[in-house]
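One structure below.
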Amino acid sequence: MFCHTVKVGTAAGMEEIMNRKWWKEAVIYQIYPRSFMDSNGDGIGDLQGIISRLDYLKYLGIDVIWLSPIYKSPGDDNGYDISDYQDIMDEFGTMADFDTLLAAAHERGIKIVMDLVVNHTSDEHRWFVESRKSSDNEYRDYYIWKKGKDGGTPPNNWGSCFGGSAWQYDEATDMYYLHLFSRKQPDLNWDNPKVRREVFDMMTWWCDKGIDGFRMDVISMISKTKEMPDGKVHDLYGDYAPYCVHGPNVHKYLQEMNKEVLSRYDIMTVGETPGVTTQLAGQYAGEDAGELNMVFQFEHVEGDGKYGKWTDEKIPLTTLKKILSRWQTELYGKAWNSLFWDNHDQPRAVSRFGDDRPAYREVSAKMLATCLHMLQGTPYIYQGEELGMTNYPFQSPDDFRDIESINAYREWCLDGQLSHEVFWPCITFKSRDNARTPMQWSDSEQAGFTTGTPWIAVNPNYREINAKAQAADPESVFHYYRKLIALRREHPIMVYGRYEELLADSEELFVYTRTLESETLLVVCSFCDHETVFAIPQEFAGASCLISNRNGDYTGTKITLKPYEAFVLHTNV
Ligand code: TEU
Ligand code: CA
């Protein structure tokens with residue numbers, strides 16, 4: 001599977017050789033450990049819980065698990081604030097549990113990719129505990145410290161991603177430290193070679209343990225301009241982005257990381273790269289750029305906001321298609337992308353891009369899966385997406401557990417900018433907690449997630465939507481995902497085929513083709529809740545149907561699609 005080549009037809013009919021790689025052909029499954037499976041009844045998911053569900057994942061057919069952080073952490077941002085990179089969070093288990101998990105996954109042919117959170121640490125990490133003690137401490141320069149401006153204001157006006165200033169005043173030395181996320185997540189100073197050495201050594205330690213790769217948290221933000229000028233507060237990827245997103249040395253540091261660590265192992269690397277453009281993707285994840293394997297970009301899940309990121313409106317289909325199509329064509333043959341509808345920071349896919357009303361939930365979840373898995377890139381399934389899990393019916397702000405949602409409600413609403421009536425539909429539509437409710441395993445108490453009280457409430461729809469019921473139903477969303485995953489193994493065209501969009505102006509249908517030598521796929525997805533007519537292009541008359549969510553007849557020339565219908569035709573001439 002590794003390092004072969006595949007011939008790819010291009011528009012001009014010429015042939016081009018593309019690198020075949022296992023991580024392009026893989027399907028990734030993201031686990032948010034806190035919410036996946038609790039083994040000991042304390043209401044918090046844990047490593048033994050994951051181990052107990054590996055057979056489920058094997059049956060689903062995924063190749064790789066991306067494990068959201070499991071390291072020692074005080075949990076201010078659910079593990080994205082790490083106090084020891086070489087130890088396990090108390091609630092999740094021990095390093096021995098991790099070793100068991102890794103071995104058990106490998107036995108089943110499943111790889112494990114670790115979350116690498118090195119833009120910042122926890123303020124409880126020993127480096128920071130030292131750093132804040134005095135300005136001549138040997139760890140002082142591990143972080144970014146600055147004097148305030150005259151009159152005791154922060155060094156500049158940058159806002160933290162979770163609200164408020166990005167600077168926290170520290171009395172001990174009368175200086176401020178930078179935190180682009182919460183004040184318990186101080187940013188590391190990557191310009192300090194000692195910091196880079198520590199990070200690379202830590203990564204090597206995990207690689208030597210046998211892990212299979214890294215998902216790198218906000219890796220596009222590790223380098224900051226020395227001058228740190230003012231920007232627009234709270235517009236993280238906008239106005240002051242040039243000073244801390246894709247900063248001056250980010251590529252230098254990633255190339256160094258590649259040389260020192262990544263190039264020595266057959267691992268997969270994905271950079272969470274907020275703010276990345278199709279041009280910049282070539283630098284981060286170009287075929288020969290010597291940095292990372294692929295980017296994880298957000299254009300299709302951002303830009304729909306009314307109030308910052310918050311909104312209660314769905315993105316128009318033409319806008320969505322334009323973004324996705326641009327990523328398809330502009331990266332083709334140059335760089336590699338990740339494919340996702342949701343993750344632990346996003347609302348549930350079916351509620352956001354599909355239709356979670358009972359009549360349409362299953363069919364639209366299958367349609368979204370078809371649409372995504374037939375695109376070029378490495379597909380990511382976020383836990384529960386394979387069941388068509390939905391957003392949570394929040395009743396009150398007390399339901400939130402996520403620092404971002406809690407702070408946003410306070411800033412936008414309680415501090416007076418917007419009324420509860422206006423803001424509530426927006427925050428409940430977009431809250432990260434939608435994705436963080438427990439995995440729905442069965443119709444027993446607490447969805448089979450825990451025998452105790454879960455740390456965040458279970459979605460009340462677990463009696464209808466759960467893994468046990470779906471595994472037993474061949475027509476379920478779960479089995480549809482199984483089928484898509486299996487198809488990817490049989491059809492390299494799903495991985496390597498060239499993309500072309502049809503009907504770009506349609507607000508109802510997302511239609512595209514993929515082409516690889518003599519083979520072509522036609523992918524037709526209805527994003528609407530009414531019937532639509534579609535004329536099958538002549539080349540596909542009589543083509544075979546690879547998969548469909550309505551089991552329709554696609555042999556005619558003009559067909560009437562039912563709501564959210566999706567199908568894929570295949571020709572090989
Ligand atoms: O998220 C980084 C990121 O870009 C977020 O700002 C994301 O856009 C936001 O959560 C959407 O509301 C990563 C992690 O995935 C996230 O869980 C962490 O909170 C964050 O970094 C800090 O480590
Ligand atoms: Ca537990």
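The values are calculated or read from the model by the stated rules, or taken from the named source; none is laboratory data. Note that the structure is a prediction, hence the values are computed from the model and not measured. When we count neighbours, we look across all protein chains shown, and the Cβ atoms used for this are built from the backbone with ideal geometry, even at glycine. When the accessible area is computed, the model is the full protein with side chains, heavy atoms only, and any ligands, DNA or RNA have been set aside. Shrake-Rupley method; radii C 1.70, N 1.55, O 1.52, S 1.80 Å.
See the values below:
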| item | result |
| --- | --- |
| Where Gln417 falls short, out of the listed (1) buried (at least 18 other Cβ atoms within 10 Å of the Cβ); (2) over 24 Å from the mean Cα position of the chain (by Cα); (3) modelled with pLDDT under 95 | (1) |
| Residues located in segment 255-285, provided they are touching a Phe, Trp or Tyr at 6+ places or on another chain (Cβ under 7 Å), in a helix (DSSP H, G or I) and either open to solvent by less than 10 Å² (accessible area, probe 1.4 Å) or within 16 Å of ligand 2 (Cβ to nearest atom) (or both) | Met257, Ala285 |
| Filtered residues of segment 442-451 (kept if surrounded by 22 or more Cβ atoms within 10 Å (Cβ to Cβ) and touching a helix residue (DSSP H, G or I) at 6+ places or on another chain (Cβ under 7 Å)) | Ala447 |
| Residue in segment 84-100 that is nearest to Asp433 (Cα to Cα), counting only those that are within 16 Å of ligand 2 (Cβ to nearest atom) and open to solvent by 40 Å² or more (accessible area, probe 1.4 Å) | Glu91 |
| Residue, nearest to ligand 2 (Cβ to nearest atom), within segment 384-417, restricted to residues that are within 15 Å of Ser182 (Cα to Cα) and among the hydrophobic types (A, V, I, L, M, F, W, C) | Ile403 |
| Test: residue in segment 155-175 that is under 17 Å from Ser83 (Cβ atoms), within 16 Å of ligand 1 (Cβ to nearest atom) and open to solvent by less than 10 Å² (accessible area, probe 1.4 Å) | no |
| Any hit, segment 217-239, residues being open to solvent by 10 Å² or more (accessible area, probe 1.4 Å), polar (S, T, N, Q) and at pLDDT below 95 | yes |
| Inter-residue pairs, beta-carbon under 8 Å, first free of Cβ contacts under 8 Å to residues at least 12 places away in the same chain and in segment 135-162, second polar (S, T, N, Q) and crowded, with 20+ Cβ neighbours inside 10 Å, 6+ apart | Asn137/Ser131; Arg140/Ser131 |
| Filtered residues of segment 183-200 (kept if more than 15 Å from Tyr253 (Cβ to Cβ) and open to solvent by 10 Å² or more (accessible area, probe 1.4 Å)) | Arg183, Lys184 |
| Test: residue in segment 105-115 that is among the charged types (D, E, K, R), within 16 Å of ligand 2 (Cβ to nearest atom) and surrounded by fewer than 22 Cβ atoms within 10 Å (Cβ to Cβ) | no |
| Members of segment 398-423 that are assigned to a helix (DSSP H, G or I) and touching a residue at least 24 places away in the same chain (Cβ under 8 Å) | Asp399, Ile403, Glu404, Ser405, Asn407, Ala408, Arg410, Glu411, Trp412, Phe423 |
| One residue from Leu339, Leu331, Leu368, Leu280 being out of contact with any Asp or Glu (no Cβ under 8 Å at 6 or more places or on another chain) and within 16 Å of ligand 1 (Cβ to nearest atom) | Leu280 |
| Given (1) in a loop (DSSP other than H, G, I, E, B); (2) surrounded by 14 or more Cβ atoms within 10 Å (Cβ to Cβ), number of the condition Ser134 does not satisfy | (2) |
| Gly109 on the phi > 0 side of the Ramachandran plot and touching a helix residue (DSSP H, G or I) at 6+ places or on another chain (Cβ under 7 Å) | no |
| Some residue of segment 356-365 being within 28 Å of Ala486 (Cβ to Cβ), touching a residue at least 60 places away in the same chain (Cβ under 8 Å) and under 18 Å from the mean Cα position of the chain (by Cα) | yes |
| Cβ pairs under 8 Å, 6+ apart, first in segment 38-61 and on the phi > 0 side of the Ramachandran plot, second within 12 Å of ligand 2 (Cβ to nearest atom) and modelled with pLDDT of 95 or more | Gly41/Thr450; Gly41/Thr451; Gly41/Gly452; Gly43/Thr450; Gly43/Gly452; Gly43/Thr453; Gly43/Pro454; Gly43/Trp455 |
| Residue match in segment 217-226 (condition: part of a strand (DSSP E or B), away from ligand 2 (no atom under 16 Å from the Cβ) and under 24 Å from Ser405 (Cβ atoms)) | no |
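The rows are residues; the columns are (1) at pLDDT 95 or above; (2) among the charged types (D, E, K, R).
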| residue | (1), (2) |
| --- | --- |
| Asp304 | no, yes |
| Asp312 | yes, yes |
| Thr319 | yes, no |
| Lys334 | yes, yes |
| Met367 | yes, no |
